[in-house]
Amino acid sequence: MLLGLGIVAGLSLVVSTLYCSGFVISWDRYLSPPEAGMMADVARLQPRKILRVEPVRKVEQLRAVLAEAREGGLKVSIAGSQHSQGGHTYYDDAIVLQMHAFNEILDIDPDKLQMTVGSGCTWDQLQRALAPKGLAMLVMQSSNIFTVGGTLSANAHGRDIRVMDVIEVVDSFRLMLASGEIRNVSRDEYPELFSLVIGGYGMYGVILDVTLNIHVDELYEQRATLMDYTEFPAYFAENIQDNANVELLLARPSIDPSPKSFLREIAVVTWEHTEGDPPPYPLTEEKNITRDKFFFGASRSLDVMKRFRWYAQKRVELGTTSKRILSRNNAMRPPVAPLALLDYYSVTDTEIIQEYYVPTGHFVGFMDAMRDILTEYDFNVMSSTVRYVKANDEAALSYAPDQDVFAIIQVSNVQLSEEGQRQAELATQAMVDAALALDGTYYLTYQLYPTPSQLHRAYPRAAWAFERKRHYDPDELFMSLFYERYGHTQN
């Protein structure tokens, strides 16, 4: 009897251990790896068979690949870290240019506060080059594993409340066109290409290297305030927007699924100037990865873990109960912007990112609409973030061309089944409609769920941008699933 109970207890322990290990280890990566010759981006929504991946290391190699594609009637796609989620970096039977080896730090000028880097450099590489010199990025994505070229192609934005879009810090870049010609592009030289390529998702050519404006590294105090979401716009206008002491902003709406908490409670985090030792400051690294992956993974299926994670964000991650002093560089990298805990691979489900831009005065109305839609479609929301983005119409496909907006970003877990994807598509289209109804837009970096009509309503210059793509690339050498879906549609 006792032996039988021991066996049952042992089996129960093994089963429990295997179940819990799945919150940390993506077993499907080993048990069901991707099929050889297939490619997809990080969300794995649109896998396609490609011809080959071409790791590009030199300009002449790149020019030769483009010549091969022109002569053979092949298509070319351009890939960095592949964290876009709309098939921007690959295409059926295409040669995929992998740009990571274009990663040389070409120049750092502390007097001009500029640096020139290869487009395959990651933001982490740039930070590691700048920090010992007492310098920092002015704008960068939270995830520092992304490439500079990819960030330019998406015209991503950062946390700075005065300089947000990456287009604002680009001085110039070199671009290889489909013909193999190289152009030096800036606001003064080929200004149309400057506007098109930044935020152009690889449609016009290959970015070779970039000259960026940078910043001095300095110390900030991280502060957090909890409030109801309806109070946030006024709080931002009164305490943050024109406060010269505030440099960076990030807000976290609640992911606790309780009706009284979900997207209602919000933690508003700022990084404000403070005194301290002069730079250089050592860079921080991500810690407690196994622990954090466990809690994040468990929250995919257990609401109680979402409640716990939200409690932890309020009390620990966001520092609402303690004083934190960080350098500018470290405010833009792990552990403030964790990365490793988000690594996940499953054959049944995936994490998608969605991002909507709404004028600051319509924030509350959009949050109410989004909450209703997410609840109606039973979306499994894993995290939510709000940033501020000032109006800027330099990019042809600008997401905030004429009004200051709040960017509402969320990560959700969705099923890869046909029914699961249909639900995600319908929910996304409903949220896009909600943003459009409030004079907002959505981010083109993510899924292909929105309809062509929605894209053209959000981006009135899209038809012109697609026409200019065919002007600079008449044979449509550079192709992607994104361009295939939208590139030949009209308003």
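If a residue has to be more than 30 Å from residue 96 (Cα to Cα), at pLDDT 55 or above and exposed (fewer than 14 other Cβ atoms within 10 Å of the Cβ) to count, how many in segment 15-47 make the cut? Within segment 15-47, residues that are more than 30 Å from residue 96 (Cα to Cα), at pLDDT 55 or above and exposed (fewer than 14 other Cβ atoms within 10 Å of the Cβ) number 5.
Yes or no, residue by residue, for (1) touching a Gly at 6+ places or on another chain (Cβ under 7 Å); (2) outside any helix (DSSP H, G or I); (3) acidic (Asp, Glu):
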| residue | (1), (2), (3) |
| --- | --- |
| 212 | no, yes, no |
| 222 | yes, yes, no |
| 226 | no, yes, no |
| 234 | no, no, no |
| 242 | no, yes, yes |
| 251 | no, yes, no |
| 259 | no, yes, no |
| 263 | no, yes, no |
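Considering 41, 93, 124, the condition of being of a type outside the set (Phe, Trp, Tyr), under 30 Å from residue 352 (Cβ atoms) and touching a residue at least 60 places away in the same chain (Cβ under 8 Å) is satisfied by 124 alone. Candidates in segment 78-130 are the residues that are of a type in the set (Asp, Glu) and in a loop (DSSP other than H, G, I, E, B); of these, the one that is most open to solvent (accessible area, probe 1.4 Å) is 111. Within segment 423-451, residues that are at positive phi and in contact (Cβ under 8 Å) with a residue 24 or more places away in the chain have Cβ atoms under 8 Å from residues that are open to solvent by 20 Å² or more (accessible area, probe 1.4 Å) and assigned to a loop (DSSP other than H, G, I, E, B) in these pairs: 439/403, counting only partners at least 6 apart in sequence or on another chain.
Considering the conditions (1) in contact with a strand residue (DSSP E or B) (Cβ under 7 Å, 6 or more places away or on another chain); (2) touching a residue at least 40 places away in the same chain (Cβ under 8 Å); (3) small (Gly, Ala, Ser), residue 84 is excluded by exactly one of them, (1). Kindly provide the set of residues from segment 453-474 that are open to solvent by less than 40 Å² (accessible area, probe 1.4 Å) and within 22 Å of residue 85 (Cα to Cα), ordered by number. Residues satisfying the conditions are 454, 455, 456, 458, 459, 462, 463, 465, 466, 469. Name the single residue, out of those in segment 352-381 being touching a Ser or Thr at 6+ places or on another chain (Cβ under 7 Å) and under 16 Å from residue 413 (Cα atoms), that is surrounded by the most Cβ atoms within 10 Å (Cβ to Cβ). Once the filter is applied, the top-ranked residue is 354. Would you confirm, using the coordinates I've provided, whether residue 421 is assigned to a helix (DSSP H, G or I), closer than 28 Å to residue 465 by Cβ and over 18 Å from the mean Cα position of the chain (by Cα)? Yes: the conditions hold for residue 421. Can you tell me which residues in segment 155-169 are open to solvent by 10 Å² or more (accessible area, probe 1.4 Å) and either free of Cβ contacts under 8 Å to residues at least 40 places away in the same chain or in a helix (DSSP H, G or I) (or both)? Correct list: 163, 168.
The set of residues from segment 214-233 being farther than 23 Å from residue 284 by Cα and surrounded by fewer than 21 Cβ atoms within 10 Å (Cβ to Cβ) comprises 225, 226, 227, 228, 229, 230, 231, 233.
Residues in segment 290-319 that are modelled with pLDDT under 85 and open to solvent by 40 Å² or more (accessible area, probe 1.4 Å): 315, 316, 317. Pairs linking a residue in segment 128-147 that is modelled with pLDDT under 95 to a residue that is acidic (Asp, Glu) and surrounded by fewer than 21 Cβ atoms within 10 Å (Cβ to Cβ), with Cβ atoms under 6 Å and 6 or more positions apart or on different chains, are 144/124.
Residue by residue through segment 200-210, note down the ones that are in contact with a Lys or Arg (Cβ under 7 Å, 6 or more places away or on another chain) and part of a strand (DSSP E or B). Passing the criteria: 208, 209.
Checked against (1) assigned to a strand (DSSP E or B); (2) open to solvent by 40 Å² or more (accessible area, probe 1.4 Å); (3) not β-branched (Val, Ile, Thr), residue 344 passes all but a single condition, namely (1). When residue 67 is tested against (1) open to solvent by 10 Å² or more (accessible area, probe 1.4 Å); (2) touching a strand residue (DSSP E or B) at 6+ places or on another chain (Cβ under 7 Å), exactly one condition is not met: (2). Restricting attention to segment 234-271, the residues being more than 17 Å from residue 223 (Cα to Cα) and crowded, with 19+ Cβ neighbours inside 10 Å number 5.
The values are calculated or read from the model by the stated rules, or taken from the named source; none is laboratory data. These numbers were taken from a predicted model, which means no experiment stands behind them. Methodologically, a virtual Cβ is constructed for each residue, glycine included, from the backbone with ideal geometry; neighbour enumeration extends over all protein chains shown. For accessibility, only protein heavy atoms count, side chains too; no ligands or nucleic acids. Shrake-Rupley method; radii C 1.70, N 1.55, O 1.52, S 1.80 Å.
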